[in-house]
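Notes follow once the structure below has been shown.
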Amino acid sequence: MSDFKFLRGEQERMVLTFNPPVFQNNVEFCFQFNDNEPIVFGTGPNELRIQISPTPNGNITFTDNDRVFKIFARETI
C-alpha cells in the first residue's frame, strides 16, 4: 500500500491510498526463460518468500531440461 499526500496550504491535506491488486484465489509461482512457457515451482494462496543464507551452500537452483537458473550467495573480495 502506498500513500500519496497532497498539501493545499498549511492546514488542508488530502491523502490518496493505493492498494495494489492481489490475486483472490490460489496462485502459481513461476519462473520463465525468455518468452518460453512459464515453469511452475510453487502453488498456494499465501505469500512466497525466497530466502538465501549468506553461506557457501546458500542457493536456489531452478532447472528446465538443460537450462539452469541459480540464485546464490558468495563472499565479496
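Here are the numbers for the structure shown:
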| quantity | calculated |
| --- | --- |
| Three-way shape label, the stretch 22-77, alpha-carbon gyration tensor, a/c 1.5 | oblate |
| For the stretch 22-77, size of Cβ-based charge dipole, Lys and Arg +1, Asp and Glu -1, in debye | 240 |
| Other-chain or far-sequence residues with amide H under 5 Å of CYS30's (modelled H) | PHE41 |
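Read the figures in this text as sums done on the coordinates, not as results from a lab. All figures in this text were calculated on a predicted structure; none of them were measured in a lab. Heads up, the Cβs are rebuilt from the backbone with ideal geometry, glycines too, and the neighbour counts pull from every protein chain shown.
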